[in-house]
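Everything on this sheet refers to the single structure shown next.
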Amino acid sequence: MSDTQNSGGQNTGSATWRNDPYGAPAYDASYDPRLYNGVLTKRLIAFLIDLFVLSIPILLLTIFITLFGIVTLGLGWALFWLISPLSVIWALIYYGTSLGGRHGATIGMRMMDLRMLTRTGDAPYFLLGVAHAVLYWVSVSFLTPFIVLVGFFNRRSQLLHDLLLGTVIVNASVTLPVVQPARQV
């Protein structure tokens, strides 16, 4: 007997974790295929833009430490060990605040008209943005390009970390409602 039936044998219509862990599919590709048109290509370009954005402060820090080392006759170069941990912290803050922010997108994603949402249509939050970045980098480290191949075999163009976290990347212009100006009579 299903968990969606009440004691009278009638179907209550509520989804349980056994048959649909995410509830109603708010952003299903069968309802509006425009949501996912070209998303994989746009994600690649957005990723490259984000790598550039992430590298600017790290490059500036490296230049500063180099110049500081010259001024201090080499003593300042001992600060080079800070670059790796600060790079990780900067990346986590960047992805957490941008994906978990009001736009639900990184700078690169905004430039490519993309937005991250949960599968049920809710806006992402800071911890989900951080988990998305961490799971992406961990999965890329172990599975190399195979996580990208997953996107070619599902309707929503989701990558492996998207599937695990229950997120979707959609075209932002399709999801945003278009407000029509009121007509004056």
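The values are calculated or read from the model by the stated rules, or taken from the named source; none is laboratory data. None of these values were measured; they are calculated from a predicted model. Neighbour counts are summed over all protein chains in view; Cβ atoms, including those assigned to glycine, are modelled from backbone coordinates with ideal geometry.
When you look at A15, is it in contact with a helix residue (DSSP H, G or I) (Cβ under 9 Å, 6 or more places away or on another chain), at pLDDT below 95 and surrounded by 11 or more Cβ atoms within 10 Å (Cβ to Cβ), yes or no?
no
Identify the single condition in (1) at pLDDT 95 or above; (2) aliphatic (A, V, I, L, M); (3) assigned to a helix (DSSP H, G or I) that A105 does not satisfy, given that it satisfies every other one.
(3)
Which is without any contact (Cβ under 8 Å) to a residue 24 or more places away in the chain, surrounded by 15 or more Cβ atoms within 10 Å (Cβ to Cβ) and either touching a strand residue (DSSP E or B) at 6+ places or on another chain (Cβ under 6 Å) or among the β-branched types (V, I, T) (or both), of V88, V130, V134, V140?
Working: V88 fails: surrounded by 15 or more Cβ atoms within 10 Å (Cβ to Cβ); V130 fails: without any contact (Cβ under 8 Å) to a residue 24 or more places away in the chain; V134 fails: without any contact (Cβ under 8 Å) to a residue 24 or more places away in the chain.
Exactly one residue qualifies, and that residue is V140.
Can you pull out the residues in the stretch 28-75 that are outside any helix (DSSP H, G or I), among the polar types (S, T, N, Q) and under 26 Å from the mean Cα position of the chain (by Cα)?
Going residue by residue through the stretch 28-75, those that are outside any helix (DSSP H, G or I) are 28-32, 37-38, 72-74.
In the following step, the residues that additionally are among the polar types (S, T, N, Q) were identified as 30, 37, 72.
Residues satisfying the conditions are S30, N37.
Take the conditions surrounded by 14 or more Cβ atoms within 10 Å (Cβ to Cβ), hydroxyl-bearing (S, T, Y) and modelled with pLDDT of 95 or more and apply them to Y95. Does it pass?
Working: surrounded by 14 or more Cβ atoms within 10 Å (Cβ to Cβ): yes; hydroxyl-bearing (S, T, Y): yes; modelled with pLDDT of 95 or more: yes.
Here the answer is yes, as Y95 does meet what is asked.
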